[in-house]
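*Asks:* Structure provided below as structure tokens; questions to follow.
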Amino acid sequence: MARFVGQLVLVGGRPVDVSSAALFRIAFGLVCLAGVLRVFAHGWVSELYVEPVHHFTYLGFAWVKPWPAWGMHLHVALLGVFALGIAVGYRYRACARPSSWGSLTSNYSTTRTISTITIG
């Protein structure tokens, strides 16, 4: 076991070309941007986040309410801006952090879809 760990440390310590990480970053940013554009193209921002009367929340966060219509559209648009920033490599960490916060809003639509399938 110690020999395996030693080999793993040796292999893990070798220099690696950064192009694979850059390619992943670009692809990830473009996929996220495509998702945001798709949400806008189909009008899902209003349908999934603005129009529903009841929103499911995370446990302990019932006090958090969704944005009004203009705020939700702005929120999703900013996710697109951050995704573009990730794709082009502009301040990657600064764009990735709020981009991950944006995924919290996806709980509304996912839970709504699951409950609609289960109940309806």
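*Asks:* In this structure, is V53 at pLDDT below 85, of a type outside the set (S, T, N, Q) and within 25 Å of A96 (Cβ to Cβ)?
*Replies:* no
*Asks:* Given the residues L37, L48, which is the only one that is over 24 Å from Y90 (Cα atoms) and in a helix (DSSP H, G or I)?
*Replies:* It is L48.
*Asks:* Out of all the residues in region 1-38, which are surrounded by fewer than 10 Cβ atoms within 10 Å (Cβ to Cβ) and either of a type in the set (S, T, Y) or in contact (Cβ under 8 Å) with a residue 60 or more places away in the chain (or both)?
*Replies:* S19, S20
*Asks:* Here's a follow-up. Which one is surrounded by the most Cβ atoms within 10 Å (Cβ to Cβ) among residues in region 44-72 that are under 23 Å from C32 (Cα atoms) and in contact with a Ser or Thr (Cβ under 8 Å, 6 or more places away or on another chain)?
*Replies:* Result: Y49.
The values are calculated or read from the model by the stated rules, or taken from the named source; none is laboratory data. Bear in mind that the values here come from a model prediction, so they are computed numbers and not experimental data. Virtual Cβ from ideal backbone geometry, glycine too; neighbours counted across all protein chains shown.
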